[in-house]
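First up is the structure itself, then whatever we jot down about it.
No lab work stands behind these numbers, since they all come straight from the coordinates. Note that the coordinates shown come from a computational prediction; the quantities given were computed from them, not determined experimentally. Every residue, glycine as well, gets a Cβ built from its backbone with ideal geometry; the counts of neighbours run over all protein chains shown.
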Amino acid sequence: MNSKNIVILVSGRGSNLHAILKAYERERWPCKIAAVISNRPNCSALAIAKSAGIPTQVIDHAQYVDRKDFDAVLAESLDALAVDYVILAGFMRILTASFVNRFYGRLVNIHPSLLPSFPGLATHRAALAAGVKVHGCTIHFVSAEVDSGPIIAQASVPVFSDDTEEKLAARVLAQEHQILPAVIKALVENRVKLEQGRVTVEGMPEWVHL
């Protein structure tokens, strides 16, 4: 099995990155985490990567007036790293259609809802307002339309009558920390197939919805 190169894009505190790195070390995935790249210089996730010995890069979006210019520099960095998969782990940037099309099938995002329900921000608030009984998270290949694209896997949690946004968010985040490493492992082990806009995955845990 040929080793893959993956790059992780981050913008925030890095809890999903931490979960990825723990699983990567524990399970010895057949891949190299070539870099962790952030669009924010003071992103807490960068410190997590550095402490794990993972190379880091900062491409500060504030330095680019045009979104396409930022994406062009990011694309150059990814190409230089010979990336196989790009994992968006709390990366809070909308990527241009040209960028997405360039890396289509290699861009993977995690979203804190059961897509196609509740795209965008404030997903837990929206779920509570809608009165849904089940909520969760989705991992999908990125397409040009925001929070869309072929779904790889989902994990669900119950919604309780006394839930707050914070309680529900914490319950979903715990699932994110399990499902994202599991999907990345499946990707680098060539167990994920994307064909005609549909995804099939071999050998995922039973709690993951495929």
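Among the lysines of the stretch 4-201, pairs at least eight places apart or on separate chains and with Cα atoms under 16 Å apart come to 10.
Put simply, the C-alpha atoms of the stretch 4-201 give a gyration tensor, and the ellipsoid matching it has half-axes of 26, 19, 18 Å, longest first. In the chain, helical runs assigned H by DSSP with n ≥ 4 each contribute -39500 (n - 2.57); averaged across all residues and rounded to the nearest 500, the mean residue ellipticity at 222 nm is -11000 deg cm²/dmol. If you take the Cα centroid of the stretch 71-115 and the Cα centroid of the stretch 1-51, the two points sit 14 Å apart.
Ranked by how many other Cβ atoms sit within 10 Å of their own Cβ, fewest first, the residues 4, 133 fall in the order 133, 4.
Among the GluC sites (Glu not before Pro) within the stretch 122-185, those in coil by DSSP and having at most 14 neighbouring Cβ atoms inside 10 Å are 145.
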